[in-house]
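What follows is a short report on a single structure.
The values are calculated or read from the model by the stated rules, or taken from the named source; none is laboratory data. Everything quoted here is computed from the prediction, not taken from an experiment. All Cβ positions, even for glycine, are placed from backbone atoms using ideal geometry, and neighbour counts span all protein chains on display. Note: areas computed on protein heavy atoms with side chains; ligands, DNA, RNA excluded. Shrake-Rupley method; radii C 1.70, N 1.55, O 1.52, S 1.80 Å.
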Amino acid sequence: MGSALIRGVKPMMNTFRTISLALIAGLFLTTGSVEIAKADGTADIKARKATMKAIGGHMGGIKLALKGKGGRGALVGHAEGMAAMGRINGGYYPKGSEMGTIKTRALPAIWSKPAEFKTAVDAFASASAAFLTAAKGGDKGAIGAAMKGLGKSCGGCHKNFRAKKKKKKKM
């Protein structure tokens, strides 16, 4: 019986070893492709688009929560998400990520005026942190004021550093 058990375990160990090696190889291959994508700015563009989508989602959730929709904790949950986006958002605009194989509405001013862009990004990070504090506090007046500051900080980037959407022609 003991030798039959050992014979059954050996194939499982070989399978485990094979899967582990495949995962490690996949990690190395993926890391290499990320570096290749990053060389032309595509990875950074994808990351910032995903971040902007998340910010928009949290903003929508915040607006619903302020209208009493979304259940208990929705406001604080979305405020936490927004504050997290505020902390990481500025890291997706390194020099060289202006162009990629993906269309972007990021304006060249981001890279030609880095100090002004950093000021705008820092304003969003501060406003999103302030909104989180207000949301956790629960005071409606403080939440309203913080929401106004958050909206203003979003506009600070969008007005100066993002191209307007092109209107689609109607047929």
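Annotation for segment 126-134: no member residue is part of a loop (DSSP other than H, G, I, E, B) and buried (at least 17 other Cβ atoms within 10 Å of the Cβ). The set of residues in segment 135-157 that are in a helix (DSSP H, G or I) and open to solvent by 50 Å² or more (accessible area, probe 1.4 Å) comprises Lys136, Gly137, Lys140, Gly141, Ala145, Lys148, Lys152. Within segment 158-170, at least one residue is surrounded by fewer than 21 Cβ atoms within 10 Å (Cβ to Cβ), within 24 Å of Met99 (Cβ to Cβ) and under 17 Å from the mean Cα position of the chain (by Cα).
With respect to Thr101, determine if the residue is modelled with pLDDT under 50 and open to solvent by 30 Å² or more (accessible area, probe 1.4 Å). Quick ask: steps written out before the conclusion?
On the way: modelled with pLDDT under 50: no; open to solvent by 30 Å² or more (accessible area, probe 1.4 Å): yes.
So Thr101 fails the test.
When Gly77, Gly41, Gly70 are checked against the criterion of being small (Gly, Ala, Ser), farther than 21 Å from Ser126 by Cβ and open to solvent by 30 Å² or more (accessible area, probe 1.4 Å), Gly70 stands alone in meeting it. How many residues are open to solvent by less than 30 Å² (accessible area, probe 1.4 Å) and either in contact (Cβ under 8 Å) with a residue 60 or more places away in the chain or β-branched (Val, Ile, Thr) (or both) if we restrict to segment 80-92? So the count comes out to 1. In segment 61-79, the residues that are at pLDDT 95 or above form Cβ pairs under 6 Å with partners that are in a helix (DSSP H, G or I) and surrounded by fewer than 15 Cβ atoms within 10 Å (Cβ to Cβ), at six or more places apart or across chains, as follows: Val76/Lys136. Residue pairs whose Cβ atoms lie under 6 Å apart, sitting 6 or more positions apart in sequence or on different chains, and linking a residue in segment 139-151 that is free of Cβ contacts under 8 Å to residues at least 60 places away in the same chain to a partner that is open to solvent by less than 40 Å² (accessible area, probe 1.4 Å) and part of a helix (DSSP H, G or I), are Ala142/Ala134; Ala146/Phe131; Ala146/Ala134; Gly149/Ala127. Restricting attention to segment 68-116, the residues that are over 30 Å from Gly137 (Cα atoms) and not in a helix (DSSP H, G or I) add up to 17. Here Thr51 fulfils each of the conditions (1) assigned to a helix (DSSP H, G or I); (2) of a type in the set (S, T, N, Q); (3) at pLDDT below 90 apart from (3).
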